[in-house]
């Protein structure tokens, strides 16, 4: 009789355990699945909204008269990426806390261990906090935005990171240089930023000629080149005003440099500079003026 009673008790406990597990799966288990599924769907939705916003900004850029993004458009593009990143981070943290609570962990009881763990991680995560704070000021101060051409001095590196900004978050800035390479720079390690496409840019070329050449003739020749370049239907949209001749920039015994300057749309100074050098070289060749080469100034 005792063995039969023991068997019945074991079966009852097994049935009770199975029933409890089934009830938990029907309540807490389903809630956990729904929370995770909701987090995934919310992530997709937030990313979709961000892509729609940035796509509309890009469509306005392509459909407008300007050949480059305005400063407001670049800032809105970067801000959309940062806001999405922050919202998703907060959502993931909240979902993780709710999942832990439904698994039986007392979230309030984790406050003290979390404080100790946070203090320990704080010493090791100082650079991450520094990156996030630096990124916050980069965005709010509008130092640069999506599509800007920048040159960044990085702590501990003798070489500058230069390229077009492709992504800006609170922690990192992603650039793509002229060789197509992607450069990732932590915001906290940025020492100096040179924005090469802020509002307007300048293309400056030095024209080296013999010191015995007639300065007046060369100035008139360069002025004519600038006038024709400004009247050119292909170059005119890139120029803010007619290129000007600044005069003699450098003088040695055998050579003098005459500087020519043109204000251009942001990021277009390199294209305009190359075109002006070609036109100046052709004009000097037609006039038979000797030269040693034309170089671009930075």
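The values are calculated or read from the model by the stated rules, or taken from the named source; none is laboratory data. For clarity, every value in this text was computed on a predicted model and none was experimentally measured. Heads up, the Cβs are rebuilt from the backbone with ideal geometry, glycines too, and the neighbour counts pull from every protein chain shown.
Structure data summary
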| read-out | value |
| --- | --- |
| Any hit, segment 274-290, residues being modelled with pLDDT under 90 and part of a strand (DSSP E or B) | no |
| Residue 234 more than 13 Å from the chain's Cα centre (by Cα), assigned to a strand (DSSP E or B) and under 19 Å from residue 272 (Cα atoms) | no |
| Odd one out for residue 223, checked against (1) touching a residue at least 24 places away in the same chain (Cβ under 8 Å); (2) surrounded by 13 or more Cβ atoms within 10 Å (Cβ to Cβ); (3) under 22 Å from residue 255 (Cα atoms) | (1) |
| Number of the condition not met by residue 287 [criteria: (1) out of contact with any helix residue (DSSP H, G or I) (no Cβ under 9 Å at 6 or more places or on another chain); (2) touching a residue at least 12 places away in the same chain (Cβ under 8 Å)] | (1) |
| Extreme residue, modelled with the highest pLDDT, among residues of segment 138-158 that are under 18 Å from residue 77 (Cβ atoms) and not in a loop (DSSP other than H, G, I, E, B) | 150 |
| Subset of segment 90-119 that is modelled with pLDDT of 65 or more and not in a helix (DSSP H, G or I) - its residue that is nearest to residue 46 (Cα to Cα) | 103 |
| Checklist (1) at pLDDT below 75; (2) closer than 26 Å to residue 178 by Cα; (3) surrounded by 13 or more Cβ atoms within 10 Å (Cβ to Cβ) applied to residue 161, failing item | (1) |
| Every residue from segment 240-272 that is modelled with pLDDT of 85 or more, buried (at least 20 other Cβ atoms within 10 Å of the Cβ) and under 35 Å from the mean Cα position of the chain (by Cα) | 243, 260, 262, 264, 272 |
| Of all residues making up segment 177-205, the number that are loosely packed, with under 13 Cβ neighbours inside 10 Å and out of contact with any strand residue (DSSP E or B) (no Cβ under 6 Å at 6 or more places or on another chain) | 5 |
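Residues checked against (1) touching a strand residue (DSSP E or B) at 6+ places or on another chain (Cβ under 8 Å); (2) in contact (Cβ under 8 Å) with a residue 24 or more places away in the chain; (3) outside the structural domain of residue 56 (by TED's automatic domain parsing); (4) on the phi > 0 side of the Ramachandran plot:
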site	(1), (2), (3), (4)
135	yes, yes, yes, no
142	no, yes, yes, yes
158	no, no, yes, no
166	yes, no, yes, no
171	yes, yes, yes, no
207	yes, yes, yes, no
215	yes, yes, yes, no
